[in-house]
Amino acid sequence: MGSTAVSGESAGTPSKPQGSTTAIVITALALFSMFFGAGNLIFPPMLAVQAGDNFWPAILGFLGTGALLPVLAVIAIALSGANVRDLAQRAGTVFGVVFPVLAYLSIGAFYALPRTGAVSMETAITPLFGVDGLFASAVFNIIFFGIALALSWNPNTIMEKLGKFLTPALVILLVLMIAVSLAKWNADPATPTEDFAEGPFTAGLLEGYLTMDSIAALAFSIVVISTLRYKGFPEGAPVVRGTILAGVGAGVMLALIYLGLGTIGRVIPSPEQYDNGAGLLADAANLTLGGAGQIIFSLVVLLACMTTAVGLITATAEYFAAEFTGSYKTWAIVFSIMSTVIATQGLEFVMAIAAPVIGFLYPPAIALIFVTLVEPLFRSRTRFTWAFFLPIWVAVIWSAIETSISLGWGAGALTPLVSWAPLQEAGLGWAVPVLAAFIVGLIVDLARPKAPLKIGTVEAVDTGESVVA
């Protein structure tokens, strides 16, 4: 696989090989906790309220992009024998540099990482202790990101810390909330909102985007692979198999928890009174568990945000240490400080910075996952060149146009360029053009002589097997 090495300062001494099953289970638990942040906690119950009687098609759509797509991203990285940087470079030098950096910054210090602190403050600390304001936010975020930095100080042991300790505590609290809610209430769905009345499955798909886990999975795969190597998994098939199993395990846990949280939104009394998932879950905890409910909910939020913050610091610092000047620990400190400063400004400030970047990244990220997963089916006949390049760049261009329109930059001139596409009103207009570009590229590749396989600086003749550099 592409290099995922971190600085010698943080590499440590590899531990003795563990039983593969134990290591994979711990890694799957840790990967789940890295995916599962506060956004993942509050989206499903609110989706249930908005979907009403259309809950099942809506939640299935949400699971498609919120659980299945992240698993496919992990599998794509594992099967490709490359990290996200090496995969992106196959679409050209510009994309190979810009996409990974934007992806890591969006799940790191520009959005997802400061969001963990901002959400913790606004949904856990303020309701529990009644403190608010810039000073209180600054003090909390300094403590929050200081703890996250300490937990992520040695990246080779992060999966063990998360998988053995923090994740079980998080899962126990979540299961307790879900079980008590289901035992106490019966379903009384609200009337579906307009989006969920007309296209509940598509609306659920778009809600799943907001978790950002598909982009995060491309980055977290580095941490999974590094951990399994550290645990003594041999290079090649054992690491690939372990990474895939850990990804599938994390995805199954995500799906089950999402279903449980969504069901809370279905059964809570008077669901129409809620306009956000945080308030809904806080009330659910109070109504089912009494005075201890708010404490339990706050602990759930804090644990969910902390485990995600630790994973994000680890993944982003490892990538920037490998690609740019500076050690892993230096980058971890830099991103923790940046996140503290941004999170202190509040959740609205964080969202305003990130929204355009998130909208831009998703179509090319999904295109990258898709072509990487499909390529092995054609490996005996061709190696993707144009089938890789064309769909990704169509996704990039389409996404850039839509992002410009959303920001009001040349909307009048640009809107006709994309308004014709099927599913455009549902936010999926890029899908058909990208698929058409892939088919054209595949036809061209099948008509060409088979190309040599290049991963990073390694070149070899593709024999039909995964190449691990």
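Here is how the numbers come out for the structure above:
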{"quantity": "Computed lengthening from Ala197 to Val432, 0.36 nm per intervening residue step minus Cα-Cα distance", "calculated": "82.2 nm"}
{"quantity": "Convex hull volume per residue for region 147-217, taking Cα atoms only, in Å³", "calculated": "147 Å³"}
{"quantity": "Mean separation of Cα contacts under 8 Å (6+ apart) over length of the chain, as relative contact order %", "calculated": "31 percent"}
{"quantity": "Cα lying deepest toward the dipole's positive end in the chain, options Pro70, Ala292, Leu60, charges on Cβ", "calculated": "Pro70"}
{"quantity": "Pairs of Lys in the chain closer than 22 Å at Cα, counting only those 8 or more apart or on different chains", "calculated": "7"}
{"quantity": "Percent breakdown of C-alpha pair distances by 10 Å bin, ordered from the shortest bin, for region 242-338", "calculated": "13, 29, 27, 21, 9, 1"}
{"quantity": "Carbon and sulfur %, accessible surface of region 349-454 computed with the full protein complex present, 1.4 Å", "calculated": "75 percent"}
{"quantity": "Amide H contacts of Ala190 (H built 1.01 Å from N, under 5 Å, at least 5 apart or other chain)", "calculated": "Gly52"}
{"quantity": "Calculated [θ] (222 nm, deg cm²/dmol) that DSSP helices of n ≥ 4 give over the chain, each run adding -39,500 (n - 2.57)", "calculated": "-22500 deg cm²/dmol"}
{"quantity": "With all protein chains modelled, accessible area of Glu198 [1.4 Å, Å²]", "calculated": "140 Å²"}
{"quantity": "Calculated from backbone phi, Karplus (6.51, -1.76, 1.60) coupling profile of region 402-417 in Hz, x at Gly/Pro", "calculated": "5, 5, 4, 4, 5, 8, x, 8, x, 4, x, 7, 8, 4, x, 6"}
{"quantity": "Accessible area of the chain divided out per residue, in Å², using a probe of 1.4 angstrom", "calculated": "39 Å²"}
{"quantity": "Kirkwood hydrodynamic radius (C-alpha pairs) into Stokes-Einstein, the chain, 25 °C and 0.890 mPa s, D in µm²/s", "calculated": "108 µm²/s"}
{"quantity": "Modelled FRET efficiency - R0 41 Å, Arg448 with Thr325, Cβ distances, 0.05 increments", "calculated": "0.60"}
{"quantity": "When the convex hull of its Cα atoms is projected in every direction, mean area for region 54-159 (nm²)", "calculated": "10.6 nm²"}
{"quantity": "Cα-based shape type of region 304-377, given that a ≥ b ≥ c are square roots of the gyration tensor eigenvalues and the cut on a/c is 1.5", "calculated": "oblate"}
{"quantity": "Per principal axis, descending, Cα span of region 349-454 in whole Å", "calculated": "48, 31, 20"}
{"quantity": "Within the chain: Cβ-based charge dipole about Cα centre, in debye rounded to nearest 20 (Lys, Arg +1; Asp, Glu -1)", "calculated": "1460 debye"}
{"quantity": "Sequence-separation-based contact order of region 349-454, relative, with Cα cut under 8 Å and 6+ spacing, percent", "calculated": "37 percent"}
{"quantity": "With eigenvalues of the C-alpha gyration tensor scaled by 5 and rooted, region 156-302, Å", "calculated": "34, 21, 12"}
{"quantity": "Over region 112-238: Rg over Rh, Cα atoms, Kirkwood Rh", "calculated": "1.05"}
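The values are calculated or read from the model by the stated rules, or taken from the named source; none is laboratory data. Nothing here was measured: the structure is a model prediction, and the numbers come from that model. Using ideal geometry, Cβ is built from the backbone for each residue, glycine included, and neighbour counts are taken over all protein chains shown. The area values use the complete protein model at the heavy-atom level, side chains included, leaving out ligands, DNA and RNA. Shrake-Rupley method; radii C 1.70, N 1.55, O 1.52, S 1.80 Å.
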